[in-house]
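The values are calculated or read from the model by the stated rules, or taken from the named source; none is laboratory data. These numbers were taken from a predicted model, which means no experiment stands behind them. Cβ: placed from backbone, ideal geometry, glycine included. Neighbour counts: every protein chain shown.
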Amino acid sequence: MAEIPAPTGERRTGRLLATLIVVMIVLGGVGMTLLARRHWWMLPVASAHGVDVDRLIYTTFAVTGIVFVLVHLLIAGFVWRYGAHGTGRAAYWHDDRTLELTYTLVPAAVLVTLISMGAVVWARVHSPAPADATVVEVRAEQFGWLFRYPGPDGIFGRVDPALISPPGKPGNPMGLDPADPASADDIVTRELHLAVNRPVRVRIRSKDVIHSFFIPAFRVKQDAVPGMTVEIWFTPTQEGSYEIACAQLCGIGHYIMRGKVTVESEEAVLTWLAQQSH
Ligand SMILES: [Cu+2]
């Protein structure tokens with residue numbers, strides 16, 4: 001065991017800096033924990049997939065948090081132990097197989113585990129929807145949301161962008177084609193109503209630019225791309241009213257692009273649908 005030299009001026013500076021690093025970790029940790037308890041932005045989860053997504057986020061937070069603290073304690077330890085005035089030569093050796101394998105394989109194992117957990121959740125979220133899922137169409141536009149239910153026939157009728165009525169004018173905001181009989185019973189609304197505990201397939205389209213269909217409480221986020229119909233499915237599990245936001249900067253009115261989704265009983269959804277004008 002090497003003799004530890006008595007503290008010189010440089011070593012005192014090293015110890016001061018090391019103490020400062022530990023104090024900053026403790027103050028930062030306590031401060032952020034208190035702040036997060038007051039301003040935690042994760043809404044209570046209200047969908048089946050959301051539980052998996054949250055578990056993944058919290059696991060990632062825990063693992064990266066532990067690594068962050070360990071790395072900084074290690075830095076503090078080195079600053080404490082090896083404070084010097086910079087005139088001496090640093091020790092050098094070409095390689096150390098045990099050390100290199102440790103600092104390569106341990107992070108690799110941790111990252112592969114986290115990524116595999118993410119891949120499992122991703123596969124579950126993007127798996128085919130259950131057969132009993134209902135279908136709703138969402139159309140994003142500058143700056144709002146439009147929803148379409150297929151009506152009793154269960155078929156979405158043809159739409160044509162040329163038939164969309166001008167902004168601010170009622171009539172045909174979705175551009176339904178009256179020549180297609182399947183369009184006749186389609187129900188177009190400005191609000192989304194979904195049945196609780198019933199899987200729903202959402203077909204997402206855009207009229208103009210790229211938007212993103214985001215329901216924070218469901219942990220659902222999917223881009224709406226012009227010229228494409230992108231499908232995603234989820235299962236709301238809590239009755240209530242939730243915000244739909246646009247998560248893709250889409251123009252000057254992006255910030256007002258809010259929508260509302262109401263989750264209620266199957267009967268309540270049917271009653272509400274019956275009240276909507278065709
Ligand atoms: Cu938008």
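Taking the conditions exactly as written (at pLDDT 90 or above, more than 15 Å from the ligand (Cβ to nearest atom) and either within 18 Å of the chain's Cα centre (by Cα) or among the hydrophobic types (A, V, I, L, M, F, W, C) (or both)), does Ala217 satisfy them or not?
yes
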Counted residues, the stretch 228-265 - those being more than 16 Å from the ligand (Cβ to nearest atom) and not β-branched (Val, Ile, Thr): 11
Which listed residue, of Pro199, Pro128, Pro152, is within 26 Å of Glu264 (Cα to Cα) and not assigned by TED's automatic domain parsing to the domain that holds Gly240: Pro128
Of residues in the stretch 238-278 being under 24 Å from Leu43 (Cα atoms), of a type in the set (A, V, I, L, M, F, W, C) and exposed (fewer than 15 other Cβ atoms within 10 Å of the Cβ), the one modelled with the highest pLDDT: Leu249
Residue list for the stretch 121-148, restricted to those being within 22 Å of the chain's Cα centre (by Cα), closer than 24 Å to Asp160 by Cα and more than 16 Å from the ligand (Cβ to nearest atom): Val136, Glu137
Residues that are among the basic types (Lys, Arg) and buried (at least 16 other Cβ atoms within 10 Å of the Cβ), drawn from the stretch 119-149: Arg139, Arg148
All positions within the stretch 37-57 that are assigned to a helix (DSSP H, G or I) and surrounded by 11 or more Cβ atoms within 10 Å (Cβ to Cβ): Ala48, His49, Gly50, Val51, Asp52, Val53, Asp54, Arg55, Leu56, Ile57
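Residue-by-condition table, conditions (1) hydroxyl-bearing (Ser, Thr, Tyr); (2) assigned to a loop (DSSP other than H, G, I, E, B); (3) outside the structural domain of Val51 (by TED's automatic domain parsing); (4) touching a residue at least 60 places away in the same chain (Cβ under 8 Å):
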position	(1), (2), (3), (4)
Trp233	no, no, yes, yes
Gln238	no, yes, yes, yes
Tyr242	yes, no, yes, yes
Ala245	no, no, yes, no
Gln248	no, yes, yes, no
Gly251	no, yes, yes, yes
Tyr255	yes, no, yes, no
Lys260	no, no, yes, yes
Val269	no, no, yes, yes
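For (1) modelled with pLDDT of 90 or more; (2) over 33 Å from the mean Cα position of the chain (by Cα), each residue gets a yes or a no:
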| residue | (1), (2) |
| --- | --- |
| Gly9 | no, yes |
| Arg37 | no, no |
| Leu43 | no, no |
| Arg55 | yes, no |
| Asp95 | no, yes |
